[in-house]
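Inspection log for the structure reproduced underneath, given as structure tokens.
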Amino acid sequence: MGQSTYRGFASMDHEKHLEIARKGGKSVPAEKRSFSQDHELAAQAGRKGGQSVAAKDRSFFRDRTLAATAGRKGGHASHGQRPQ
């Protein structure tokens, strides 16, 4: 029988994936687990992430048309999921 072509995490069975995922969730305090519950925390994380990239390397910063197109796509996608 040949060896699996998958390595690391991909080679583990489903139960092992779940076990690892559970540990990850428990390592974060409950109040910081979900950005959907704390919008200010999400905003702070977004600002921190944005500041870690030089302004010249931010694609939306350089290309307003790209930003507008992405915003429209996101709006269409999110509104398409809502029941009519």
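The values are calculated or read from the model by the stated rules, or taken from the named source; none is laboratory data. Everything numeric here is computed off the predicted structure, so don't read it as measured data. Methodologically, a virtual Cβ is constructed for each residue, glycine included, from the backbone with ideal geometry; neighbour enumeration extends over all protein chains shown. We work out accessible area using only protein heavy atoms, side chains counted, and drop any ligands, DNA or RNA first. Shrake-Rupley method; radii C 1.70, N 1.55, O 1.52, S 1.80 Å.
Please work out which residue is farthest from GLY24 (Cα to Cα), limiting yourself to region 42-52 and to residues that are open to solvent by 40 Å² or more (accessible area, probe 1.4 Å) and part of a helix (DSSP H, G or I). Of everything passing the filter in region 42-52, GLN51 is farthest from GLY24 (Cα to Cα).
Tallying residues that are over 19 Å from GLY46 (Cα atoms) and among the hydroxyl-bearing types (Ser, Thr, Tyr) within region 58-74 yields 2. Considering only region 53-73, how many residues are in contact with a helix residue (DSSP H, G or I) (Cβ under 8 Å, 6 or more places away or on another chain) and in a helix (DSSP H, G or I)? Qualifying residue count, region 53-73: 9.
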